[in-house]
Structure formats: C-alpha cells, structure tokens
Amino acid sequence: MNGNLSGYVRSERHGQSMTIEFFHPKGNSLPRSLLSELATQIHSAGLDDEVRVILLRSAGENAFCAGASFAELSAIKTAQEGEDFFNGFVHVINSMRKCPKFIIARIQGKSVGGGVGLIAAADYSIALTGAEIRLSELAIGIGPFVIGPAMERKIGSSFFSQLAIDAFSWRTAEWAKSRGLYSEVHGTKEQMDESIARIINHLSHSNPQAMKEMKKMFWEGTSHWDQLLAERAKVSGKLVAGEFAQKAIKKG
C-alpha cells in the first residue's frame, strides 16, 4: 500500500479475489509514484497463488481515471524526464498484460488519456452509463503512443484513430461498449456492482490453470510490447518536453 496526501494504491484480498484500488484527488490522475505502485501491486497479485481474479477500481464517484498527472507533466524539462514519466504507464500496461490472472475493471466515471489505456489493458470492463471516454493527448501537444497498442488490440485501428484524432470530443459509454472497450454497461451503480460480484464469484471458483492458459491465448502476439512500449515512451517523452506541449499543458 502507498498512501499519502497525493493519493494511494491499496490492495485487499477477499477470498480468492484481490481488489486493487487507486485514488488521487485530481480526478484519479496518475503521477509516477502511483503508476509505480500500481504496477507493483498488479505484479504481486499475479504471483499470489491464493488469488484467482483481480478487480481494478478507483475511489470516488465522478472519474475512473483522468490519465497522466498534469502537475508532473508541466514540471518536465527534458526528454529523458518525459520518457521516465511515460515509462510508468509502460510498466502498468505490461504488468496487466503479463499478469496470469484475469483483471476485471470497474469503471464508475469518466476516463481520459492514459486512463482509457488502463481500461483497454483490462481483460473485462464493467461500466456505468455515464462513463464517457476521451483520448485528449493531441489536445496538449502529444499523442496516445504508449497506450496505442492496447487500444488497437481492444477496439481496432480505425476506432482508435478516431479517438486519437478527435482529442476534444467525449464518447459515450455505449459507444465504448459497441466498439469492445467495455464488456458491460449498467444504468445504476447497484446494477454494476451486482454484475461485478457475479463475475468475480464465478471466476473465483473457476480452474486457475484454465484461466491462466486463456489469458496467455488472449494476449498472444504481444510479447514484443516490452520493447515497443519503451520506444513509444521515448516518443512521448520528447514531445512532452517540447515548447508546444508545455505551453498547452500549462494553459490546460
């Protein structure tokens, strides 16, 4: 657990499921410290023989994840600092990809940028009707490079490019469901949580070896992501340190 005034990541085991919750007062945005802790706790849960399924959620009611921390983005001075920051998302996405347990995401609110990438890296996502999404990176002078492979894998190149190009428009939860980003969309929090409890219960009693082999099958063809996402972090790092992006970030 990492807890302070800047947010936290907490893990709590319930029977044969592990709930990993993150929080940040700025819309559940993710600074490097929380990205590092999130990757670590996902990795640890994957190694725990008592755990068969992981629930990824954020605290609060309004936002699932606002993506990268603007405070940290605005403080970046060099391409190396930018690369180091975006490698935080690299580690989280790769930890989710390599985790031998299914990761169920609970999406109670809006998501932006890297937050949408986390959803794409989950194995099954259950959302509320108000859980809109937006890839805002181009609006601040960068692009969704690190999360791109996860997005393309989940919704395809065409819909990913639509989101990435129109960086100013929100897409509805139904749009996300119809494109495969969300597995289910529910009208109330009670319905969403009931469905989450149902699938967590089923998976908690399913064959762990079968689920492990299924996860490997679902993620076939992604073994090169360690290198690919690291290369994408370099691109993002260079752009975010540039004058255009820094002006846009400070304005936003």
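The values are calculated or read from the model by the stated rules, or taken from the named source; none is laboratory data. A quick note: this is a predicted structure, and the numbers were derived from the prediction, not measured. Here Cβ is always computed from backbone atoms with ideal geometry, including for glycine, and neighbour counts include all displayed protein chains.
Values for this structure:
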read-out: Failed item in (1) touching a Lys or Arg at 6+ places or on another chain (Cβ under 9 Å); (2) under 27 Å from Leu73 (Cα atoms), with Gly156 passing the rest; value: (2)
read-out: Filtered residues of region 49-68 (kept if crowded, with 23+ Cβ neighbours inside 10 Å and within 11 Å of the chain's Cα centre (by Cα)); value: Leu56, Ser58, Phe64, Cys65, Ala66, Gly67, Ala68
read-out: Near pairs, Cβ below 9 angstrom, 6+ apart or cross-chain, from region 122-149 (without any contact (Cβ under 8 Å) to a residue 24 or more places away in the chain) to any residue that is surrounded by fewer than 24 Cβ atoms within 10 Å (Cβ to Cβ) and of a type outside the set (S, T, N, Q); value: none
read-out: Any hit, region 176-192, residues being small (Gly, Ala, Ser), in contact with a helix residue (DSSP H, G or I) (Cβ under 9 Å, 6 or more places away or on another chain) and more than 30 Å from Ser17 (Cα to Cα); value: no
read-out: Flag for Ala71 being of a type outside the set (D, E, K, R) and surrounded by fewer than 22 Cβ atoms within 10 Å (Cβ to Cβ); value: yes
read-out: Cβ pairs under 7 Å, 6+ apart, first in region 173-195 and among the aromatic types (Phe, Trp, Tyr), second part of a helix (DSSP H, G or I) and at pLDDT 95 or above; value: Tyr182/Ala173; Tyr182/Ala176
read-out: Of all residues making up region 30-48, the number that are surrounded by fewer than 24 Cβ atoms within 10 Å (Cβ to Cβ) and in contact (Cβ under 8 Å) with a residue 60 or more places away in the chain; value: 0
read-out: Residue match in region 41-54 (condition: more than 28 Å from Glu194 (Cα to Cα), assigned to a helix (DSSP H, G or I) and touching a strand residue (DSSP E or B) at 6+ places or on another chain (Cβ under 7 Å)); value: no
read-out: Close pairs from region 201-218: first closer than 11 Å to Val53 by Cα, partner surrounded by fewer than 12 Cβ atoms within 10 Å (Cβ to Cβ), Cβ under 7 Å, at least 6 apart; value: none
read-out: Looking only at region 112-137, and only at residues there that are among the small types (Gly, Ala, Ser) and in contact with a helix residue (DSSP H, G or I) (Cβ under 6 Å, 6 or more places away or on another chain), the one that is nearest to Thr188 (Cα to Cα); value: Ala127
read-out: Scan of region 155-166 for residues that are under 22 Å from Glu231 (Cβ atoms) and not in a helix (DSSP H, G or I), ordered by number; value: Gly156
read-out: Pairs with Cβ under 6 Å, 6+ apart, first in region 95-107 and within 19 Å of Leu34 (Cα to Cα), second among the acidic types (Asp, Glu); value: Ile103/Asp123
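Table: residues versus (1) farther than 16 Å from Leu138 by Cα; (2) modelled with pLDDT of 95 or more; (3) within 19 Å of the chain's Cα centre (by Cα).
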{"residue": "Ser204", "(1), (2), (3)": "yes, yes, no"}
{"residue": "Glu213", "(1), (2), (3)": "yes, yes, no"}
{"residue": "Asp226", "(1), (2), (3)": "yes, yes, yes"}
{"residue": "Glu243", "(1), (2), (3)": "no, yes, no"}
